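The values are calculated or read from the model by the stated rules, or taken from the named source; none is laboratory data. Just so we're clear, the structure is a prediction, and the values are computed from it rather than from any experiment. When the accessible area is computed, the model is the full protein with side chains, heavy atoms only, and any ligands, DNA or RNA have been set aside. Shrake-Rupley method; radii C 1.70, N 1.55, O 1.52, S 1.80 Å.
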Amino acid sequence: MTQTRPAHAATRALAVTVCWTVLLFSPQAHAEAALGELVFMLPKLLLMGVYYEVAQPTTLAIIWSVTALAWMLYLLTGRDVVDEWLSRLPTEDETRHWMSIHAFCTLVAIGSLVITMVGYVLWGPPPKSSVRTPAHTVMPTKTERPQAHNTLPYPYGKSPSNPKGQWPTSTESLPGQPWGASGGVGMVLLRNPTPEGLWARVCTAGAEPCDLLRQIYLAPQSGLTLERVTPGTYTLEYTETSGAQRSGRSEPFRVGTNPIDNTTLVLSEFRQP
(Lines give C-alpha, C1' and ligand atoms only; values in the text may rest on other atoms or scores of the structure.)
Protein backbone atom coordinates (compact mmCIF):
# COMPACT_ATOMS: atom_id res chain seq x y z
CA MET A 1 0.00 0.00 0.00
CA THR A 2 2.86 2.45 0.75
CA GLN A 3 4.31 1.96 -2.72
CA THR A 4 1.08 2.26 -4.71
CA ARG A 5 0.19 5.73 -3.35
CA PRO A 6 3.32 7.41 -4.80
CA ALA A 7 2.67 5.58 -8.05
CA HIS A 8 -0.89 6.87 -8.17
CA ALA A 9 0.32 10.38 -7.31
CA ALA A 10 2.92 10.29 -10.09
CA THR A 11 0.34 9.01 -12.57
CA ARG A 12 -2.11 11.75 -11.56
CA ALA A 13 0.56 14.47 -11.90
CA LEU A 14 1.52 13.16 -15.35
CA ALA A 15 -2.13 13.16 -16.45
CA VAL A 16 -2.65 16.73 -15.22
CA THR A 17 0.50 17.87 -17.02
CA VAL A 18 -0.61 16.26 -20.29
CA CYS A 19 -4.09 17.80 -20.02
CA TRP A 20 -2.74 21.27 -19.42
CA THR A 21 -0.28 20.91 -22.31
CA VAL A 22 -3.08 19.92 -24.69
CA LEU A 23 -5.31 22.74 -23.48
CA LEU A 24 -2.65 25.43 -23.68
CA PHE A 25 -1.52 24.61 -27.20
CA SER A 26 -4.84 23.73 -28.82
CA PRO A 27 -6.65 26.23 -31.09
CA GLN A 28 -9.81 25.74 -29.05
CA ALA A 29 -7.94 26.88 -25.94
CA HIS A 30 -6.94 30.09 -27.65
CA ALA A 31 -10.54 30.68 -28.71
CA GLU A 32 -11.78 30.00 -25.18
CA ALA A 33 -9.12 32.35 -23.79
CA ALA A 34 -10.27 35.09 -26.16
CA LEU A 35 -13.88 34.46 -25.13
CA GLY A 36 -12.88 34.58 -21.46
CA GLU A 37 -11.11 37.88 -22.04
CA LEU A 38 -14.22 39.28 -23.72
CA VAL A 39 -16.42 38.15 -20.82
CA PHE A 40 -13.97 39.76 -18.40
CA MET A 41 -14.23 43.05 -20.30
CA LEU A 42 -18.05 43.12 -20.33
CA PRO A 43 -18.38 44.98 -16.98
CA LYS A 44 -15.95 47.62 -18.20
CA LEU A 45 -17.85 47.96 -21.49
CA LEU A 46 -21.10 48.31 -19.56
CA LEU A 47 -19.67 50.99 -17.26
CA MET A 48 -18.22 52.87 -20.24
CA GLY A 49 -21.61 52.76 -21.95
CA VAL A 50 -23.32 54.19 -18.86
CA TYR A 51 -20.68 56.91 -18.60
CA TYR A 52 -20.97 57.85 -22.28
CA GLU A 53 -24.75 58.17 -21.97
CA VAL A 54 -24.85 60.03 -18.64
CA ALA A 55 -21.99 62.41 -19.47
CA GLN A 56 -23.73 63.87 -22.51
CA PRO A 57 -24.54 67.58 -21.96
CA THR A 58 -28.21 67.04 -22.82
CA THR A 59 -28.58 64.17 -20.33
CA LEU A 60 -26.91 66.13 -17.53
CA ALA A 61 -29.02 69.20 -18.29
CA ILE A 62 -32.25 67.17 -18.08
CA ILE A 63 -31.26 65.48 -14.80
CA TRP A 64 -30.28 68.72 -13.07
CA SER A 65 -33.27 70.64 -14.49
CA VAL A 66 -35.71 68.04 -13.12
CA THR A 67 -33.90 68.15 -9.76
CA ALA A 68 -34.11 71.94 -9.62
CA LEU A 69 -37.81 71.86 -10.53
CA ALA A 70 -38.56 69.29 -7.81
CA TRP A 71 -36.81 71.39 -5.18
CA MET A 72 -38.54 74.56 -6.39
CA LEU A 73 -41.97 72.93 -5.98
CA TYR A 74 -41.00 71.70 -2.51
CA LEU A 75 -39.74 75.11 -1.37
CA LEU A 76 -42.81 76.95 -2.73
CA THR A 77 -45.44 74.56 -1.40
CA GLY A 78 -43.73 73.09 1.64
CA ARG A 79 -44.75 69.57 0.71
CA ASP A 80 -43.87 66.89 -1.84
CA VAL A 81 -46.48 67.73 -4.49
CA VAL A 82 -45.28 65.15 -7.01
CA ASP A 83 -45.31 62.35 -4.46
CA GLU A 84 -48.83 63.29 -3.34
CA TRP A 85 -50.01 63.24 -6.94
CA LEU A 86 -48.40 59.85 -7.56
CA SER A 87 -49.98 58.40 -4.42
CA ARG A 88 -53.44 59.17 -5.82
CA LEU A 89 -52.91 56.98 -8.86
CA PRO A 90 -54.71 53.61 -8.68
CA THR A 91 -52.04 50.98 -8.00
CA GLU A 92 -52.05 47.54 -6.43
CA ASP A 93 -49.35 48.57 -3.98
CA GLU A 94 -50.83 50.90 -1.36
CA THR A 95 -47.49 51.67 0.32
CA ARG A 96 -46.16 55.21 0.08
CA HIS A 97 -42.89 56.08 -1.58
CA TRP A 98 -39.91 55.45 0.69
CA MET A 99 -38.22 58.69 -0.39
CA SER A 100 -39.41 62.13 -1.44
CA ILE A 101 -39.17 63.01 -5.13
CA HIS A 102 -36.81 65.94 -4.60
CA ALA A 103 -34.48 63.80 -2.46
CA PHE A 104 -34.52 61.02 -5.06
CA CYS A 105 -33.75 63.50 -7.86
CA THR A 106 -30.90 64.91 -5.78
CA LEU A 107 -29.34 61.48 -5.39
CA VAL A 108 -29.64 60.85 -9.14
CA ALA A 109 -28.09 64.24 -9.93
CA ILE A 110 -25.17 63.68 -7.55
CA GLY A 111 -24.72 60.15 -8.95
CA SER A 112 -24.58 61.49 -12.51
CA LEU A 113 -21.95 64.02 -11.45
CA VAL A 114 -19.83 61.33 -9.77
CA ILE A 115 -20.12 59.01 -12.81
CA THR A 116 -19.09 61.85 -15.11
CA MET A 117 -16.06 62.82 -13.01
CA VAL A 118 -14.81 59.25 -12.52
CA GLY A 119 -15.43 58.32 -16.17
CA TYR A 120 -13.58 61.41 -17.38
CA VAL A 121 -10.53 60.47 -15.29
CA LEU A 122 -10.57 56.81 -16.44
CA TRP A 123 -11.60 57.09 -20.11
CA GLY A 124 -11.29 60.74 -21.08
CA PRO A 125 -14.02 62.97 -22.52
CA PRO A 126 -17.09 61.16 -23.86
CA PRO A 127 -17.70 61.08 -27.62
CA LYS A 128 -20.01 63.77 -28.89
CA SER A 129 -23.54 62.64 -29.56
CA SER A 130 -24.73 62.75 -33.11
CA VAL A 131 -26.58 65.98 -33.87
CA ARG A 132 -29.70 65.76 -35.95
CA THR A 133 -29.60 68.03 -38.93
CA PRO A 134 -32.64 70.19 -39.70
CA ALA A 135 -34.67 69.06 -42.67
CA HIS A 136 -33.76 72.12 -44.74
CA THR A 137 -30.01 71.50 -44.34
CA VAL A 138 -28.44 69.42 -47.09
CA MET A 139 -25.57 67.24 -45.94
CA PRO A 140 -22.93 66.22 -48.48
CA THR A 141 -23.11 62.61 -49.58
CA LYS A 142 -20.15 60.34 -50.14
CA THR A 143 -20.09 61.26 -53.81
CA GLU A 144 -19.72 64.93 -52.82
CA ARG A 145 -16.55 64.29 -50.82
CA PRO A 146 -13.61 66.11 -52.43
CA GLN A 147 -11.69 63.88 -54.80
CA ALA A 148 -7.91 64.01 -54.99
CA HIS A 149 -6.28 64.32 -58.39
CA ASN A 150 -3.53 61.80 -57.63
CA THR A 151 -0.23 62.73 -59.28
CA LEU A 152 2.02 60.34 -57.35
CA PRO A 153 2.58 57.22 -59.50
CA TYR A 154 0.95 54.09 -58.11
CA PRO A 155 3.88 52.08 -56.67
CA TYR A 156 2.81 48.58 -57.75
CA GLY A 157 1.62 48.97 -61.31
CA LYS A 158 -1.06 46.77 -62.85
CA SER A 159 -2.30 43.55 -61.26
CA PRO A 160 -5.33 41.24 -61.56
CA SER A 161 -6.97 43.05 -58.64
CA ASN A 162 -6.05 46.47 -60.07
CA PRO A 163 -6.04 46.17 -63.88
CA LYS A 164 -5.43 49.89 -64.47
CA GLY A 165 -2.69 50.21 -61.86
CA GLN A 166 -4.31 53.24 -60.21
CA TRP A 167 -4.90 54.50 -56.71
CA PRO A 168 -8.29 53.55 -55.24
CA THR A 169 -11.02 56.15 -55.63
CA SER A 170 -12.14 55.81 -51.99
CA THR A 171 -10.60 54.96 -48.64
CA GLU A 172 -9.52 51.31 -48.61
CA SER A 173 -6.49 49.04 -48.40
CA LEU A 174 -4.29 48.86 -51.46
CA PRO A 175 -5.59 46.04 -53.68
CA GLY A 176 -3.50 42.88 -53.82
CA GLN A 177 -1.07 43.94 -51.08
CA PRO A 178 -0.33 41.95 -47.88
CA TRP A 179 -2.47 42.62 -44.82
CA GLY A 180 -0.07 41.88 -41.97
CA ALA A 181 -0.09 42.31 -38.21
CA SER A 182 -3.62 40.92 -38.15
CA GLY A 183 -3.45 38.35 -35.36
CA GLY A 184 -4.82 40.41 -32.48
CA VAL A 185 -7.86 42.38 -31.37
CA GLY A 186 -6.35 45.91 -31.29
CA MET A 187 -7.81 48.81 -33.25
CA VAL A 188 -6.11 51.88 -34.75
CA LEU A 189 -8.21 54.79 -36.03
CA LEU A 190 -6.72 56.76 -38.93
CA ARG A 191 -7.96 60.23 -39.88
CA ASN A 192 -6.98 62.27 -42.92
CA PRO A 193 -8.25 65.84 -42.39
CA THR A 194 -6.32 67.21 -45.36
CA PRO A 195 -7.65 67.97 -48.88
CA GLU A 196 -5.11 65.56 -50.41
CA GLY A 197 -5.13 61.78 -50.73
CA LEU A 198 -2.71 59.89 -48.48
CA TRP A 199 -0.76 56.66 -48.96
CA ALA A 200 -0.38 55.28 -45.40
CA ARG A 201 1.94 52.43 -44.41
CA VAL A 202 1.93 50.61 -41.07
CA CYS A 203 5.49 49.71 -40.05
CA THR A 204 7.11 47.95 -37.11
CA ALA A 205 8.64 50.60 -34.85
CA GLY A 206 12.35 50.97 -35.59
CA ALA A 207 12.21 49.12 -38.93
CA GLU A 208 14.38 50.88 -41.53
CA PRO A 209 13.15 50.84 -44.19
CA CYS A 210 9.47 50.30 -43.38
CA ASP A 211 8.48 46.62 -43.48
CA LEU A 212 5.04 47.53 -44.99
CA LEU A 213 2.75 45.51 -42.72
CA ARG A 214 -0.37 47.20 -44.08
CA GLN A 215 -0.94 49.79 -46.78
CA ILE A 216 -4.01 52.00 -47.04
CA TYR A 217 -5.22 54.76 -49.30
CA LEU A 218 -7.03 57.52 -47.38
CA ALA A 219 -9.20 59.77 -49.51
CA PRO A 220 -9.28 63.49 -48.63
CA GLN A 221 -11.08 64.26 -45.36
CA SER A 222 -11.81 60.61 -44.57
CA GLY A 223 -10.94 58.01 -41.99
CA LEU A 224 -10.50 54.27 -41.54
CA THR A 225 -10.29 51.85 -38.61
CA LEU A 226 -7.60 49.19 -38.74
CA GLU A 227 -8.98 46.14 -36.97
CA ARG A 228 -7.47 42.94 -35.52
CA VAL A 229 -4.04 44.55 -35.09
CA THR A 230 -1.46 42.29 -33.46
CA PRO A 231 -0.09 43.56 -30.11
CA GLY A 232 3.16 45.43 -30.63
CA THR A 233 4.74 48.84 -31.24
CA TYR A 234 4.28 50.44 -34.64
CA THR A 235 4.77 53.66 -36.58
CA LEU A 236 2.77 55.01 -39.49
CA GLU A 237 4.39 56.55 -42.56
CA TYR A 238 2.24 58.50 -44.99
CA THR A 239 2.71 60.41 -48.23
CA GLU A 240 0.43 62.74 -50.16
CA THR A 241 -0.62 61.24 -53.48
CA SER A 242 -1.40 64.70 -54.85
CA GLY A 243 -0.39 68.30 -54.28
CA ALA A 244 3.14 68.78 -52.94
CA GLN A 245 3.51 65.04 -52.21
CA ARG A 246 4.77 65.73 -48.70
CA SER A 247 5.53 62.88 -46.31
CA GLY A 248 5.10 62.39 -42.59
CA ARG A 249 5.63 59.83 -39.87
CA SER A 250 3.79 59.29 -36.61
CA GLU A 251 5.39 58.77 -33.24
CA PRO A 252 5.70 55.09 -32.22
CA PHE A 253 2.43 53.84 -30.75
CA ARG A 254 1.63 50.73 -28.76
CA VAL A 255 -1.20 48.31 -29.56
CA GLY A 256 -2.22 46.08 -26.68
CA THR A 257 -4.62 43.19 -26.16
CA ASN A 258 -7.61 45.30 -25.10
CA PRO A 259 -9.73 46.55 -28.06
CA ILE A 260 -11.08 49.38 -25.91
CA ASP A 261 -7.61 50.95 -25.61
CA ASN A 262 -7.50 51.96 -29.26
CA THR A 263 -5.18 54.53 -30.84
CA THR A 264 -6.27 57.49 -32.97
CA LEU A 265 -3.79 58.96 -35.44
CA VAL A 266 -4.54 62.27 -37.15
CA LEU A 267 -2.30 62.45 -40.23
CA SER A 268 -1.71 66.18 -40.56
CA GLU A 269 1.99 66.69 -39.70
CA PHE A 270 4.31 66.72 -42.74
CA ARG A 271 7.89 67.42 -43.60
CA GLN A 272 8.85 68.94 -46.92
CA PRO A 273 10.06 66.43 -49.56
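Enter the mean projected area of the convex hull around the alpha-carbon atoms of region 141-247, in nm², rounded to one decimal. If you wrap the Cα atoms of region 141-247 in a convex hull and average its projections, you get 7.1 nm². Note on Arg79 and Trp64: the extension gain reaches 3.4 nm, defined as 0.36 nm multiplied by sequence separation minus the Cα-Cα distance. Rolling a 1.4 Å probe over the protein heavy atoms of region 170-268, with every protein chain left in place, gives an accessible area that is 50 percent carbon and sulfur.
Give me the one-decimal Kirkwood hydrodynamic radius in Å for region 214-273, with the sum taken over alpha-carbon pairs. Answer for region 214-273: a Kirkwood hydrodynamic radius of 13.0 Å.
The residues of region 146-220 have, on average, 49 Å² of accessible surface per residue, using a 1.4 Å probe with all protein chains present.
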